[in-house]
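This is the structure I want to talk about, given as structure tokens.
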Amino acid sequence: MDRTVLITGASSGIGLEFAKLFAKNGYNLVFVARRKQHLERLASQLSGKYKIKVATIIKNLSSPSSPKEIFNDLKANSIHLGIQ
């Protein structure tokens with residue numbers, strides 16, 4: 001099983017709490033949100049603390065094209081998700 005999780009809205013709220021829980025349990029993470037600075041800071045903190053890989057995808061999820069763009073980004077970077 002691939003231990004990579006995609007989390008939307010990871011920069012705050014419930015998305016942030018999910019990110020912390022999965023990181024603590026050793027999962028690699030893919031963050032999707034529109035606030036680049038917040039995501040990069042969180043990615044750096046969690047990857048350093050838990051020795052995991054964290055990728056960020058900056059997208060506004062309200063855009064109708066976002067799901068396809070996210071899929072293409074994952075595919076282009078050979079990122080396989082275990083949990084979505």
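Read-outs throughout are calculated quantities, based only on the coordinates presented, and are distinct from any laboratory measurement. Everything numeric in this text was worked out from a predicted model, so none of it was measured. Don't worry about glycine lacking a Cβ; one is built from the backbone with ideal geometry, like all the others, and counts go over all protein chains shown.
Between their Cα atoms, which of Lys20/Lys53; Lys24/Lys75; Lys20/Lys51; Lys24/Lys59; Lys53/Lys75 are more than 21 Å away from each other?
Check vs 21 Å cut-off fails for Lys24/Lys75; Lys24/Lys59.
Continuing with this model, one more query. Using the scaling law 2.2 N^0.38 Å as the reference, what is the normalised Cα Rg of segment 4-76? List each step's numbers first, then the result.
Values: Rg = 11.5 Å, N = 73, 2.2 N^0.38 = 11.2 Å.
Normalised Rg, Cα atoms only: 1.03.
Then there's this: Is it possible to state the helix-based mean residue ellipticity at 222 nm for the chain, with each DSSP H run of 4+ residues giving -39500 (n - 2.57), the sum divided by total residues, to the nearest 500 deg cm²/dmol? What is it? Present the calculation step by step, with values, prior to reporting the outcome.
Values: 3 runs with 38 residues, N = 84.
Counting only the DSSP helices, I get -14000 deg cm²/dmol.
Between Leu61 and Ser44, what length comes free when the chain is fully extended (0.36 nm per residue of separation minus the Cα-Cα distance, one decimal in nm)?
Values: separation 17, 0.36 × 17 = 6.12 nm, distance 2.24 nm.
Taking Leu61 through Ser44 to full extension adds about 3.9 nm, to one decimal.
How many nm is it between the label spots at Leu21 and Lys53, if each spot is 7 Å from the Cα in line with the beta carbon?
Each label point lies 7 Å from its Cα, and together they span 2.4 nm.
Would you please put 7-13, 76-82, 35-41, 50-56 in order of how densely packed they are, using the mean number of other Cβ atoms within 10 angstrom per residue and starting with the highest? Before the final figure, lay out each step's value.
Numbers: 7-13: 18.9, 76-82: 10.4, 35-41: 14.4, 50-56: 17.3.
Result, highest mean first: 7-13, 50-56, 35-41, 76-82.
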